[in-house]
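*Asks:* Let me give you the structure first, and then I'll get to my questions.
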Ligand SMILES: *Cc1c(COP(=O)(O)O)cnc(C)c1O
């Protein structure tokens, strides 16, 4: 096995997506031009766009009444696009970490924002539950997978107000009941594509309700009416996303993907829980299937750097934890294989044997 990439994002993608991307850079669709130079208005690229939207809808089970957009700017740009389009008076945010906080900060520029629940008291090691959602909110914003802290909602919550979700790091990793959400968005560079494209799934009926004027590029309505082609879309990342989605469909879709993701997470969490050198950081019931965070166990803290070097020498890359959590984070996105995770587990065991 060569390098195994556990990076949090940009991150691993299916091998076939890389191969087909490489081919398309040299000759896209047999037309004698590179995907990097074709017009986004060409019929060949339009076909890519159409198929990518269709696959996205099919794989996630997006119902009638919703639109799927592919825009630029990253999830961070959506942090202000969302309140721009939806916040008239008051919005609620669940604070489950850095990304949730950043989203809330942007919204405060447009109206009143309330933090309806937070897990900051325990360094975001859990997902708040059983909190009240005020019925006078324009929307409630959640972050379904907290990439930095390794926590994840494992069910779609019920909300009496429009539910908005940042799914940057768990989109298409498991089935989602889209009908429970008004808007789902994320940067695609965690699970779907190289950096540069942002997905937005928006329900038609939540738009057009704010009184402020919207600059063109911020207006979802305009992007819907122009099929994500009001301006030049991120052509190459969208092409690679199509390849990833084709791969996902070939694998059996999101249900099948979830089974594999569960298996990977189980293998790694089992090792974290049983290996005397390591311990997990997130509360068990809220552990993420995508970003698996762990640290050296009590008494072994000094071995962190040594383990990182040990793992790197064995081809495991990108496992350094975020500075706010420390330790290690293994991102086990869709494209990570069971074998890749097993290789990390073997490395942890080998290290324990030497040090234990
Ligand atoms: C990575 C990430 C972001 C930021 O995405 P950008 O595309 O870099 O703006 C936001 N939210 C979550 C949950 C993330 O994982």
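The values are calculated or read from the model by the stated rules, or taken from the named source; none is laboratory data. Keep in mind it's a predicted model, so treat the numbers as computed, not measured. With ideal geometry, Cβ positions are generated from the backbone for all residues, glycine too; neighbour counts draw on all protein chains shown.
*Asks:* Determine if segment 63-75 includes at least one residue that is assigned to a helix (DSSP H, G or I), more than 16 Å from the ligand (Cβ to nearest atom), over 21 Å from residue 142 (Cα atoms) and modelled with pLDDT of 95 or more. Before the answer, list the steps.
*Replies:* Our first condition is that a residue be assigned to a helix (DSSP H, G or I); within segment 63-75, this holds for 74-75.
If we keep only those that are more than 16 Å from the ligand (Cβ to nearest atom) as well, we get none.
No, because not a single residue in segment 63-75 is assigned to a helix (DSSP H, G or I), more than 16 Å from the ligand (Cβ to nearest atom), over 21 Å from residue 142 (Cα atoms) and modelled with pLDDT of 95 or more.
*Asks:* Quick check on segment 120-139. Is at least one of its residues assigned to a strand (DSSP E or B), under 18 Å from residue 84 (Cα atoms) and at pLDDT 95 or above?
*Replies:* Yes; the residues of segment 120-139 include at least one that is assigned to a strand (DSSP E or B), under 18 Å from residue 84 (Cα atoms) and at pLDDT 95 or above.
*Asks:* For segment 127-175, what are the residues that are at positive phi and under 11 Å from the mean Cα position of the chain (by Cα)? Give the steps one after another, and end with the answer.
*Replies:* Going through segment 127-175, the residues at positive phi turn out to be 130, 150, 172.
Result: 172, single match.
*Asks:* A further question on this structure: Considering only residues that are surrounded by fewer than 24 Cβ atoms within 10 Å (Cβ to Cβ) and in contact (Cβ under 8 Å) with a residue 60 or more places away in the chain, look in segment 123-137 and name the one that is farthest from residue 170 (Cα to Cα). Give the steps one after another, and end with the answer.
*Replies:* Restricting attention to segment 123-137, the residues satisfying the condition of being surrounded by fewer than 24 Cβ atoms within 10 Å (Cβ to Cβ) are 123, 125-126, 128-137.
Going one step further and asking which of them are in contact (Cβ under 8 Å) with a residue 60 or more places away in the chain, we end up with 123, 125-126.
On the way: 123: 21, 125: 17, 126: 16 Å.
Looking at residues that are surrounded by fewer than 24 Cβ atoms within 10 Å (Cβ to Cβ) and in contact (Cβ under 8 Å) with a residue 60 or more places away in the chain, I get 123.
*Asks:* With the requirement that a residue be surrounded by fewer than 17 Cβ atoms within 10 Å (Cβ to Cβ), more than 16 Å from residue 171 (Cβ to Cβ) and touching a residue at least 60 places away in the same chain (Cβ under 8 Å), what does segment 47-59 give you?
*Replies:* If the condition is that a residue be surrounded by fewer than 17 Cβ atoms within 10 Å (Cβ to Cβ), more than 16 Å from residue 171 (Cβ to Cβ) and touching a residue at least 60 places away in the same chain (Cβ under 8 Å), then 51 is the only one that fits.
*Asks:* Of the residues 107, 103, which single one is under 22 Å from residue 150 (Cα atoms), within 16 Å of the ligand (Cβ to nearest atom) and touching a helix residue (DSSP H, G or I) at 6+ places or on another chain (Cβ under 6 Å)? Reasoning before the result, please.
*Replies:* Values: 107 fails: under 22 Å from residue 150 (Cα atoms).
Exactly one residue qualifies, and that residue is 103.
*Asks:* Considering only segment 60-69, state which residues are surrounded by fewer than 19 Cβ atoms within 10 Å (Cβ to Cβ) and under 18 Å from residue 250 (Cβ atoms).
*Replies:* 61
*Asks:* Is it true that residue 279 is closer than 22 Å to residue 320 by Cβ and surrounded by fewer than 18 Cβ atoms within 10 Å (Cβ to Cβ)? Talk me through it step by step, then tell me what you get.
*Replies:* Working: closer than 22 Å to residue 320 by Cβ: yes; surrounded by fewer than 18 Cβ atoms within 10 Å (Cβ to Cβ): yes.
Yes.
*Asks:* Out of curiosity, is residue 187 touching a helix residue (DSSP H, G or I) at 6+ places or on another chain (Cβ under 9 Å) and under 21 Å from residue 15 (Cα atoms)?
*Replies:* yes
*Asks:* I need the strands (runs of 3 or more DSSP E) fully contained in segment 273-356, keeping only those with at least 3 residues that are within 25 Å of residue 101 (Cβ to Cβ). Working first, answer last.
*Replies:* Working: elements: 278-280, 291-296, 328-331.
Filter on segment 273-356 gives 291-296, 328-331.
*Asks:* With the structure loaded, tell me whether residue 40 is away from the ligand (no atom under 16 Å from the Cβ), surrounded by fewer than 17 Cβ atoms within 10 Å (Cβ to Cβ), touching a residue at least 12 places away in the same chain (Cβ under 8 Å) and not in a helix (DSSP H, G or I) or whether it fails that test. Can you show your working first?
*Replies:* Details: away from the ligand (no atom under 16 Å from the Cβ): yes; surrounded by fewer than 17 Cβ atoms within 10 Å (Cβ to Cβ): yes; touching a residue at least 12 places away in the same chain (Cβ under 8 Å): yes; not in a helix (DSSP H, G or I): yes.
So residue 40 fits the description; yes.
*Asks:* Is there a residue in segment 219-230 that is over 26 Å from residue 44 (Cα atoms) and touching a residue at least 12 places away in the same chain (Cβ under 8 Å)?
*Replies:* Scanning segment 219-230 turns up at least one residue that is over 26 Å from residue 44 (Cα atoms) and touching a residue at least 12 places away in the same chain (Cβ under 8 Å).
*Asks:* Condition test on residue 101, is it closer than 21 Å to residue 234 by Cα, buried (at least 16 other Cβ atoms within 10 Å of the Cβ) and without any contact (Cβ under 8 Å) to a residue 24 or more places away in the chain?
*Replies:* Working: closer than 21 Å to residue 234 by Cα: no; buried (at least 16 other Cβ atoms within 10 Å of the Cβ): yes; without any contact (Cβ under 8 Å) to a residue 24 or more places away in the chain: yes.
The answer is no for residue 101.
*Asks:* Any residue at all in segment 48-55 that's at pLDDT 95 or above, farther than 17 Å from residue 232 by Cα and within 16 Å of the ligand (Cβ to nearest atom)?
*Replies:* First pass over segment 48-55, keeping only residues at pLDDT 95 or above: 48-55.
Next, from what is left, pick out any that are farther than 17 Å from residue 232 by Cα: 51, 54-55.
From what is left, the residues that are within 16 Å of the ligand (Cβ to nearest atom) are none.
Taking every residue of segment 48-55 in turn, none turns out to be at pLDDT 95 or above, farther than 17 Å from residue 232 by Cα and within 16 Å of the ligand (Cβ to nearest atom).
*Asks:* Okay, next question. So residue 7 passes all but one of these: (1) at pLDDT 95 or above; (2) assigned to a loop (DSSP other than H, G, I, E, B); (3) surrounded by fewer than 16 Cβ atoms within 10 Å (Cβ to Cβ). Which condition number does it fail?
*Replies:* (3)
*Asks:* So for segment 172-184 (the condition being within 10 Å of the ligand (Cβ to nearest atom) and either modelled with pLDDT under 95 or over 14 Å from residue 91 (Cβ atoms) (or both)), does at least one residue qualify? Reasoning before the result, please.
*Replies:* We begin by selecting, within segment 172-184, every residue within 10 Å of the ligand (Cβ to nearest atom); these are none.
So far as segment 172-184 goes, no, none of its residues is within 10 Å of the ligand (Cβ to nearest atom) and either modelled with pLDDT under 95 or over 14 Å from residue 91 (Cβ atoms) (or both).
*Asks:* For segment 191-248, give me the residue count where each residue is assigned to a loop (DSSP other than H, G, I, E, B) and either more than 15 Å from residue 78 (Cβ to Cβ) or within 16 Å of the ligand (Cβ to nearest atom) (or both).
*Replies:* Step one: filter segment 191-248 for residues assigned to a loop (DSSP other than H, G, I, E, B), giving 191-197, 207-215, 219, 226-234.
From what's left, either more than 15 Å from residue 78 (Cβ to Cβ) or within 16 Å of the ligand (Cβ to nearest atom) (or both): 191-197, 208-213, 226-227, 229-234.
The qualifying residues number 21.
*Asks:* Which one of these is over 25 Å from residue 16 (Cα atoms) and touching a residue at least 24 places away in the same chain (Cβ under 8 Å): 331, 288?
*Replies:* Numbers: 331 fails: over 25 Å from residue 16 (Cα atoms).
Unique residue meeting the criteria: 288.
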